[in-house]
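One structure is given below, encoded as structure tokens.
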Amino acid sequence: MVHTVLIVEDEPDLREIMRDVLESEGYRVVTAADGREALASLEDVDSLCLVLLDLLMPVMDGWDFHAAFKQLPQAAGVPVVVHSSAPERAPEGVARVLQKPLKLDRMLAVVKEFCDRTDSASD
Amino acid sequence: MGVVALIDVEDELCAAIEAAAPELRYLRWTSASLEGAWERQAEGVGRVVIGAHSSERMRLAEEVARRCPLATIVLLAPGADASEGVRALRAIGAPPAAASTLTDRERARLAEEALRTSEQRSRLLIEAVTDYAIFTLDPGGVVTSWNPGAQRLKGYRAADIIGQHFSRFYPEEEARSGKCERELEIAEQEGRFQEEGWRLRADGSRFFANVTITPIRDSGGKLLGFAKVSRDLTEPLEAEAQRSRLVAENAALTERARTQEFQERFLAILGHDLRNPLAAIDMGASLLRRTADARTTKILDRIGASAQRMSRMIEQILDLTRSRLGGGLEIVRAPTDLAGALREVVEELRAAHPSRRIELHSPATLPGELDRDRLLQVFSNIIGNAISYGSRTGAVVVRAWREGGHALVEVHNDGPSIPAELQLKLFDPFRRGNRDSRNAQTAGLGLGLFISHQIVTGHGGSIRVESSPEHGTSFRVALPLGADPEGTV
């Protein structure tokens, strides 16, 4: 089963390269430029295995998104990994915090850790 | 009016007077018969001569003056002879003149009184004025009068300054330049000299004065001297300065708020906006590297290395900005094993520089309350510098030990020493070793040691360097391990 990663990142180049990397690894990817877009996109997402969340974003930032996301039924059991230049300010309850600038290997390792685990758990 | 009344004058004297001025008509009276005589013959009496002076005759003269206000009255001295009587008569002149003489005298007396009153009023006015220094100078500039205002303003008492030249109120350089003489010259020629400038008090302090000098002349136009009026403008000047200070303080507050806003924005740009594109570059290069041939891989490696170096520089600028503008680097203490942190740094650097020898001599653990991430940054910088600037053939030796409540870490390398003048500035921002030793590894902003110093001092520790051609270069870092160094690590 193909799992979906939701990337929430306002920097378009970074967002698209993250998508390319993950898609090249066989993941399905949904992207959003801010928290509000991310919440809206959740309606069309199946089998979400991970949210990669930036914190400093316009319109709706990572903290507000995280607070809203936790209340949703789709959020149950879905880990949120924060990638931020201010990792010390990450909201409580997130699964992992990654320091920006994000390294490709590090990101892939984390995605594998959470999404492949979900995969094996569901097998 | 050509009638002269002779009262109580001896006959002989009467005859002599009459002979001396025969053009006049004479009446010979006595005080005893005066009442009747006056009523019959008073008309036309212009001059009255009263015989030898006595208190009775004074009363007589008053009586005559009352009855005949236009008459000129002469009282002869006791024992006066004829010639004196004639002189007295001549002195009072012709009857109309005699009448007017009395009037002129009266007028002169009144004028003198009026003048005295006016002078007194002026004197009282000048003495009452304390806000203005009012004093006079002779034509040469020597002080001739001094009011209380002058004493208050300039600090000299009248007794001390009258007789002194007024140049002593001027700053020395102005007095020497002939300014005082020029001012008097202008006042004399133009009728007035006025300026605002600095003057000296008796105690040597300065005040800013408005000065007016006016010449004083007699009725013939001859210069008698000068009147000088000075007013202290220092207080208005100080009020203006105070106002300017308040405006400046206000502007500074606004500027500080603007700077604060700018700092926050600047930190946000550095911390977030600049790093994101770098992450995209780095990640893009990494993605391409997976399928690249050897030549492309080499180029992608360069892209990746540049992105990383840029990222490090942004980190350093961010630290510098926090340190300089944002109130210092934040040190977050937590139970940390410093020995473990050193091992991590050394292993990382060994991996990055496989051709170099890096020795670590350390106890198994060095527990303390420290900011691990920040200290990784410090030792990565210092050991990295030892690799970059030290001898390529010699080892970089890292020693760590505990001394009392402190951990000491020494990083040593052989090779060219750090010049003495550079050692003094080594921990200043934007300093680094000489250009020849720069390469891709060392190219940076020269902020590494500055930031290391900030982190170490932020822990309450110290960092110092010793460098000589004989003994090589050693950096020694002393770090207090915290209240419970044996703690939970």
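A short reminder: the numbers here are calculations on the coordinates, not readings from a lab. For clarity, every value in this text was computed on a predicted model and none was experimentally measured. Here the Cβ positions follow ideal geometry from the backbone for every residue, glycine too, while neighbour counts run over all protein chains shown.
Give the lysines whose C-alpha is closer than 30 Å to that of B:Lys154, dropping any in the same chain fewer than 8 places away, or say none. Of all the lysines, those that pass the test against B:Lys154 - Cα under 30 Å, at least 8 places apart if same chain - are B:Lys179, B:Lys222, B:Lys228.
Site pair B:Leu224 and B:Ser244 shows an inter-label distance of 4.3 nm when each label is modelled 7 Å from Cα along Cα→Cβ. Cβ distances below 4.7 Å define possible disulfide partners, and in the protein assembly as shown the cysteines left without one are B:Cys14, B:Cys68, B:Cys180.
Report the net charge of residues surrounding B:Asp301, where surrounding means a beta-carbon distance below 15 angstrom and charges are Lys +1, Arg +1, Asp -1, Glu -1.
Residues close to B:Asp301 contribute a combined charge of +4.
The amide H of B:Ser145, built 1.01 Å from its N in the peptide plane, has B:Thr136 as neighbours under 5 Å, considering only residues 5 or more places off or on other chains.
Exposure proxy shown here: for A:Thr31, B:Thr321, the number of other Cβ atoms within 10 Å sets the order, fewest to most, as B:Thr321, A:Thr31. Please list, or write none, the lysines whose alpha carbon is within less than 29 Å of the alpha carbon of B:Lys298, excluding same-chain residues fewer than 8 places away. Within the straight-line limit of under 29 Å, B:Lys298 reaches these lysines: A:Lys100, A:Lys103, A:Lys112. Ranking of B:Ile216, B:Ile314 by neighbouring Cβ atoms within 10 Å, starting from the fewest: B:Ile216, B:Ile314. Remark: region B:19-35, residue by residue, has Karplus-estimated 3J(HN,Hα) of 6, 6, 10, x, 6, 9, 9, 10, 10, 9, 10, 10, 5, 5, 9, 4, 3 Hz, where x stands for each Gly or Pro and the curve is 6.51 cos²θ - 1.76 cosθ + 1.60 at θ = phi - 60°. Dividing the C-alpha radius of gyration of chain A by 2.2 N^0.38 Å, with N its residue count, gives 0.95. Basic side chains Lys and Arg get +1 at the Cβ, acidic Asp and Glu get -1 at the Cβ, and with that the dipole of the protein assembly as shown about its Cα centre reaches some 1280 debye. Stretching the chain fully between B:Gln308 and B:Arg168 yields a gain of 43.0 nm (0.36 nm per residue, less the alpha carbon separation).
What is the P(r) of the protein assembly as shown, as percent of Cα-Cα pairs per 20 Å bin from 0? Binned Cα distances yield the sequence 13, 23, 15, 14, 11, 6, 11, 6, 0.
Between B:Glu113 and B:Ala159, how high is the FRET efficiency from 1/(1 + (r/R0)^6) when r is the Cβ-Cβ distance and R₀ = 22 Å? Nearest 0.05. Computed FRET efficiency for B:Glu113 and B:Ala159 comes out at 0.10.
Ordered by the number of other Cβ atoms lying within 10 Å of each residue's own Cβ, fewest first, B:Asp232, B:Asp428, B:Asp293 fall into the sequence B:Asp293, B:Asp428, B:Asp232.
Rounded to the nearest 500 deg cm²/dmol, what is the calculated helix-only ellipticity per residue at 222 nm for the protein assembly as shown, with -39500 (n - 2.57) per DSSP H run of length n ≥ 4? Don't jump to the answer; show the numbers that get you there.
Numbers: 21 runs with 277 residues, N = 612.
It comes out at -14500 deg cm²/dmol, rounded to the nearest 500.
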